[in-house]
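One structure is given here, and the rest of the page talks about it.
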Amino acid sequence: MTRFAYFEGEIVPIEQAQVSITCNTLHYGTGCFGGLRGYWNEEQAQLYAFRLVDHYTRFLNSCKLLLCNLDYTPQQLADITVQLLAREGWRENVYIRPIMYKDDGVFRVWLHDANDKVAIFSQPVSKYIKADKGAKVCVSAWRRVDDASIPARGKVNGAYVNSALIKSDALLSGYDEAIVLNQDGHVSEGSAANFMMVRDGVLITPPVTDNILEGITRRTIIHLARTELDLEIVERQIDRTELYLCDEAFFCGTGVQVTGIGSIDNRQVGNGGVGPITGQIRDLYFDVVYGRVDRYRHWLSAVPVLEAA
Ligand code: PMP
């Protein structure tokens, strides 16, 4: 099957989507990116891309933080993505990766007046397996990049060195993932996912001013928990020791979806598996992204099936 990418303003075979080793972003991390998913609904034989316009709004905001010159609207990028996915003809779950890079040479360590380009590609992601075992998590010794250094609210390429240090050290120490604290010692998020916990039936998550990525999944879950599950949600600072007292905890994000946490720093969370409220949120989230809840179909873009695909 021929794979495609959106590159230099058109959809081309993916082998043609190549950038040079002199590319500025490769050297200085001056790009930004997005991470989206398409869900294949087997019964409907339909691929649904989730919250494209919201993802591209955040993507263009990340671009704005990096002083980009781009003409795209979120809707245009959403339309391009649907065209690309239609050309690919996927009949399985896919991950979609837009990236903005500064296609300039290396002798400029600055952001303005650059040759900003957008590329998009997609690839299959492994099937979702129902995780009934909670993740083994530690609090990282690293601290989250601060808004005064590199804004965590944007998906800035260079900032993912911070994520990679957090993740590698967690994995190499025998954990599945880590929670990272801010410079001031409050909980921020996971290496590449937002964090939520439940205490006394209340869903608690750090505010967007605590150096978190403004997650689309986080926003989705806040909405669903409030309107569909009638849960109380509080966005507030979280102390490290609250992590040891919570009843449930989970990560949420496009990649991890909803992943229950079984222990934090070797202290069991709840019953050590996926807690009941977490399970409810996860099941509803999957119903929504797979297009099984009509009132949330406006969050989904149905990818047309092309004759030749
Ligand atoms: N935080 C970080 C650092 C991430 O990389 C991600 C994944 N994009 C998230 C949170 C979750 O964001 P979203 O729900 O938009 O995927």
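Some notes on this structure:
- Test: Ile233 is surrounded by fewer than 21 Cβ atoms within 10 Å (Cβ to Cβ), modelled with pLDDT of 95 or more and among the aliphatic types (A, V, I, L, M): yes
- The range 46-61, residues that are within 11 Å of the ligand (Cβ to nearest atom), crowded, with 23+ Cβ neighbours inside 10 Å and in a helix (DSSP H, G or I): His55, Phe59
- Selection count, the range 197-255, where residues are of a type outside the set (A, V, I, L, M, F, W, C), over 19 Å from the mean Cα position of the chain (by Cα) and assigned to a loop (DSSP other than H, G, I, E, B): 8
- The residue pairs whose first member lies in the range 170-194 and is away from the ligand (no atom under 12 Å from the Cβ), whose second member is polar (S, T, N, Q) and part of a strand (DSSP E or B), and whose beta carbons are closer than 8 Å, counting only pairs six or more residues apart or on different chains, are Ala170/Ser140; Leu181/Ser140; Leu181/Ser188; Asn182/Ser188.
- Filtering Ser168, Ser140, Ser149, Ser122 for residues that are in a strand (DSSP E or B), farther than 30 Å from Met1 by Cα and hydroxyl-bearing (Ser, Thr, Tyr) leaves a single hit, Ser140.
- For Thr57, the stated conditions hold: it is over 12 Å from Thr81 (Cα atoms) and out of contact with any strand residue (DSSP E or B) (no Cβ under 8 Å at 6 or more places or on another chain).
- Considering the range 256-294, and only residues there that are among the basic types (Lys, Arg) and either within 16 Å of the ligand (Cβ to nearest atom) or assigned to a loop (DSSP other than H, G, I, E, B) (or both), the residue that is farthest from Ser126 (Cα to Cα) turns out to be Arg292.
- Odd one out for Lys133 among (1) under 30 Å from Ile80 (Cα atoms); (2) at pLDDT below 95: (1)
- Subset tally (residues that are of a type in the set (Val, Ile, Thr) and under 20 Å from Val125 (Cα atoms)) for the range 55-102: 5
- Top-ranked residue of the range 207-238 - restricted to ones that are near the ligand (Cβ under 10 Å from one of its atoms) and among the hydroxyl-bearing types (Ser, Thr, Tyr), ranked as farthest from Asp147 (Cα to Cα): Thr220
- Restricting Gly38, Gly29 to those that are at negative phi and of a type in the set (Gly, Ala, Ser) reduces the list to Gly38.
- Any hit, the range 28-43, residues being crowded, with 16+ Cβ neighbours inside 10 Å, assigned to a helix (DSSP H, G or I) and more than 16 Å from the ligand (Cβ to nearest atom): yes
- Of all the listed residues (Ala45, Ala49, Ala78, Ala141), the sole one being of a type in the set (Gly, Ala, Ser), at pLDDT 95 or above and at positive phi is Ala45.
- The residues of the range 65-107 that are without any contact (Cβ under 8 Å) to a residue 24 or more places away in the chain and under 24 Å from Thr25 (Cβ atoms), listed by number, are Asp71, Thr73, Pro74, Gln76, Phe107.
The values are calculated or read from the model by the stated rules, or taken from the named source; none is laboratory data. On a predicted model such as this, the values are computed, not experimentally measured, just so you know. Here the Cβ is made from the backbone with ideal geometry for all residues, glycine too, and neighbour counts use every protein chain on show.
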